[in-house]
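Notes for the one structure printed next.
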Amino acid sequence: MVEHAWRRIVRDALVGLFAGLAAALVASLGHADMNIVLIAGIGVCMVALLILEASGFLYRRQPLVVKVKESRFENWRHIALIAAFHVEITNTTGKPTLIASYGFTTDNRGKQSWEFSATGEDHIAVMREVHARQEGHRYGPSLRIHAEVPAHESVSGWLVHPVTRDPAGGTPKCTIVVKDDIGNEYRKTIKEREPKTY
């Protein structure tokens with residue numbers, strides 16, 4: 001990674017230098033003052049270098065890219081929604097990346113969590129159902145079986161979680177969090193959906 005960064009810096013510096021020389025040549029052909037030629041060359045060189053470095057910073061790809069290929073929400077016994085997400089993780093680097101953990105958060109839009117109003121039996125029932133669907137591969141292989149993403153490859157699987165059900169309908173905003181072994185976090189948010197009237 002360090003070697004690639006140095007190569008990019010050297011490449012951008014050379015491009016900037018040639019751009020500056022070209023500007024100086026054009027200015028000299030126009031019989032401009034030599035001080036102006038020198039200033040123009042240096043100025044164009046610096047501007048070109050700054051543009052190249054800025055574009056490299058903006059478009060540099062993150063090591064892991066998290067994508068939600070499919071999402072499903074099911075109202076389970078009017079206690080909670082069971083949310084299932086088909087997640088794909090792509091490694092953009094040239095070396096394997098270890099996964100330390102998979103996380104999940106949800107925005108209840110100011111409403112009390114489903115756990116607050118659920119009885120102890122309801123809570124156990126919901127968690128058993130979620131576990132059964134996740135481990136029983138109801139939707140497909142679990143995402144959690146992947147502890148590593150090979151270089152330049154993708155892995156995918158399902159994450160299943162209970163979320164708060166709004167009696168008015170719709171689904172809450174959910175965020176999937178993937179953390180690698182050196183502490184980097186990669187987040188993918190599924191937007192809130194309002195109920196529709198047909």
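The values are calculated or read from the model by the stated rules, or taken from the named source; none is laboratory data. Because the structure is a prediction, the values reported are computed rather than measured. Please note: Cβ atoms are built from the backbone with ideal geometry, for glycine as well, and neighbour counts cover all protein chains shown.
Restricting attention to region 159-198, and to residues there that are part of a loop (DSSP other than H, G, I, E, B), surrounded by fewer than 16 Cβ atoms within 10 Å (Cβ to Cβ) and acidic (Asp, Glu), which single residue is modelled with the lowest pLDDT?
Step by step, filter region 159-198, then rank; the result is Glu194.
Give all pairs with beta carbons closer than 6 Å in which a residue from region 83-95 that is surrounded by fewer than 19 Cβ atoms within 10 Å (Cβ to Cβ) meets a residue that is part of a strand (DSSP E or B) and among the small types (Gly, Ala, Ser); count only pairs at least 6 apart in sequence or on separate chains.
If the second residue must be part of a strand (DSSP E or B) and among the small types (Gly, Ala, Ser), the pairs left are Glu88/Ser154; Glu88/Ser156; Thr90/Ser154.
Please determine, by comparing only the residues of region 101-126 that are of a type in the set (A, V, I, L, M, F, W, C) and exposed (fewer than 14 other Cβ atoms within 10 Å of the Cβ), which one is nearest to Pro167 (Cα to Cα). Talk me through it step by step, then tell me what you get.
Quick first cut of region 101-126, residues of a type in the set (A, V, I, L, M, F, W, C) only: 104, 114, 116, 118, 124-126.
When the remaining residues are screened for being exposed (fewer than 14 other Cβ atoms within 10 Å of the Cβ), the result is 116, 124.
On the way: Phe116: 15, Ile124: 21 Å.
Ranking the qualifying residues of region 101-126, first place goes to Phe116.
So, in region 154-175, exactly how many residues are among the β-branched types (Val, Ile, Thr) and under 25 Å from Gly94 (Cβ atoms)?
The number of residues fulfilling the criteria is 1.
Identify the residue in region 100-158 that is part of a strand (DSSP E or B) and among the hydroxyl-bearing types (Ser, Thr, Tyr) and, among all such residues, is nearest to Ile182 (Cα to Cα).
For region 100-158, the residue satisfying everything is Ser101.
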